[in-house]
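Just so it is clear, none of the values below were taken in a lab; they were calculated from the coordinates. Keep in mind that this is a model prediction, so the values were computed, not measured. Note: ideal-geometry Cβ built from the backbone for every residue, glycine included; neighbour counts use all protein chains shown.
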């Protein structure tokens, strides 16, 4: 939810009984993330989390500093996505932060369990923005995952997405 996951949305979701998530890398700096966490705290007294997406790049964002902002802000839930978060899990766990890793395949969910993630979020092929590499829809993927799971579910209705679903289902 890059460029959407701000304090207003995270607080509204949390206030409605869900788990609101601030998109960490939407904030240009760790200091900006700390301010966004404070803004969210002003808008809700319910739990909320922060997403950290680990991107493949030559110049990575300063992830340790983002993690510091999360920990100092008292956030207790982090959703990770993208690359394997193993190197960052000890820093989060040392401060009691629960880690949910976004997975698009069974093999990724098994890795997430092995490296110490507390739960996973399953994103099937039909989930916008996280298609994975295996083209497996959520209704097939979800029952095959054996760790605590949150399901990310999206249904598209645009003509392009309808064609894509039709094309995908006709291959089987």
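For residue 115 paired with residue 134, estimate the spin-label separation in nm (one decimal), with each label point 7 Å from Cα along the Cα-to-Cβ line.
Roughly 1.6 nm, to one decimal.
Determine the shape class of the range 44-149: with a ≥ b ≥ c the square roots of the Cα gyration tensor eigenvalues, call it rounded for a/c under 1.5, and otherwise prolate if a/b is greater than b/c, oblate otherwise.
Prolate.
For a test of the definition: using alpha carbon positions, the gyration tensor, and the 1.5 limit on a/c, classify the range 1-79 as rounded, prolate or oblate.
The shape class here is prolate.
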